[in-house]
Amino acid sequence: MSYEYILTEVHDRAGLIRLNRPRVLNALNVALMNELADALAAFDADEAVGAMVITGNNRAFAAGADIEEMAPRSAVEMLTADMISGWDRIAQMRKPVIAAVSGYALGGGCELAMMCDMIVASETAVFGQPEINLGIIPGAGGTQRLIRAVGKALAMEIILNDRRLSADEAYQFGLVNRVYPVDSYLDEALRLANEIAARAPIAVRLAKESVNKAYEMTLSEGLAFERRNFYFLFSTEDQKEGMDAFLKRRDPQWKGR
Ligand code: HXC
């Protein structure tokens, strides 16, 4: 499948998607977001792929939703076109998705990174929610996901007063998993994706699903959800294989069954 605004590649068992509107710092228009969701869904359904990486370029992961596209819209147009519904699909992937972020991750760019399961950053990454400067607020999860990542005090500063976080600050506050030099962050993100892709696929899928349920559920509901997934895994060949391999001191051979 060929796309206009993104590029796709496969590196071993990692599906890589590059946002590709460099002239406008990868501003996220509706068509790009739909292509991104389609490409992720295709990798999600592809047995040869075990995890996905979304990246931009060294200067910008994405400088936000496309302001030129949004500027003339009325509230009714935004509502009836349901402009952000395409974004919801990104967070619905069953396989792990890693954001490899260098340069600007602002507004919708920061929100897109936070929709991913992990963030690997370059030393030049800058995270922020500058929507307040445009007379709006984050609309794709920024007010909800940021507070869960960095806490209320800092989230308020970032969203109400355009405080930007450097890569090191983002690491210190728990927004990103790892920080690497700009010439290696993408390779490291792909390495991480391939490490996870080499693990027991059904366990990885249910682990991701269970962790994400912590966003949605009370503790007791989440514990019950986790326990059902835990018990369910004892019906898989991979559980038998993993425990047999441990007991026989050999490497497991995962089948994804
Ligand atoms: C459209 C954008 C853009 C954006 C940059 N460009 N960001 N176009 N939408 N979000 C374009 C510029 O207009 C310019 O085009 C080109 O990219 C290069 O940008 P410059 O501003 O010239 O670069 P620089 O001086 O280096 O400044 C970089 C920057 C700045 C600090 C990132 O571009 C900036 O502040 N961008 C907007 C960031 C922002 O407000 N994001 C939130 C958007 S709202 P030309 O044609 O002039 O060369 C949002 C809501 C999400 O994301 C809600 C969910 C859907």
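A121 is checked against (1) assigned to a helix (DSSP H, G or I); (2) aliphatic (A, V, I, L, M); (3) in contact with a Lys or Arg (Cβ under 9 Å, 6 or more places away or on another chain) and fails just one. What number does that condition carry?
Result: A121 passes all but (1).
Given (1) touching a residue at least 40 places away in the same chain (Cβ under 8 Å); (2) more than 12 Å from the ligand (Cβ to nearest atom), where does A31 come up short, assuming only one miss?
Evaluating A31 over (1) touching a residue at least 40 places away in the same chain (Cβ under 8 Å); (2) more than 12 Å from the ligand (Cβ to nearest atom) leaves (1) as the failure.
Looking at V76, V120, which one is at negative phi and either within 13 Å of the ligand (Cβ to nearest atom) or crowded, with 19+ Cβ neighbours inside 10 Å (or both)?
Only one candidate passes the filter, namely V120.
Of everything in region 170-210, what is part of a loop (DSSP other than H, G, I, E, B) and basic (K, R)? Give them in sequence order.
R199
Scan region 11-27 and report the pairs whose first residue is more than 23 Å from A193 (Cβ to Cβ) and whose second residue is of a type in the set (V, I, T) and open to solvent by 60 Å² or more (accessible area, probe 1.4 Å), with Cβ atoms within less than 8 Å and a gap of 6+ or a chain change.
Sorted first by the residue in region 11-27, then by its partner, the pairs are A27/I67.
Would you pick out the residues in region 57-72 that are away from the ligand (no atom under 11 Å from the Cβ) and in contact with a helix residue (DSSP H, G or I) (Cβ under 8 Å, 6 or more places away or on another chain)?
Hit for region 57-72 is N57, nothing else.
Taking A140 as meeting all but one of (1) small (G, A, S); (2) farther than 24 Å from G15 by Cα; (3) part of a loop (DSSP other than H, G, I, E, B), write down the number of the exception.
It fails just one condition, (2).
Could you tell me whether region 79-100 includes any residue that is within 12 Å of the ligand (Cβ to nearest atom), open to solvent by 20 Å² or more (accessible area, probe 1.4 Å) and within 16 Å of R59 (Cβ to Cβ)?
no
Scan region 129-164 residue by residue and report those that are at positive phi and either at pLDDT below 95 or within 14 Å of the ligand (Cβ to nearest atom) (or both).
Hits for region 129-164 are G135, G141, D162.
The values are calculated or read from the model by the stated rules, or taken from the named source; none is laboratory data. Here the structure is a predicted model, which means the values were calculated and not measured. Neighbour counts run over all protein chains shown; Cβ positions are idealised from the backbone, glycine included. Areas reflect the complete protein model, heavy atoms only, side chains present, ligands, DNA and RNA absent. Shrake-Rupley method; radii C 1.70, N 1.55, O 1.52, S 1.80 Å.
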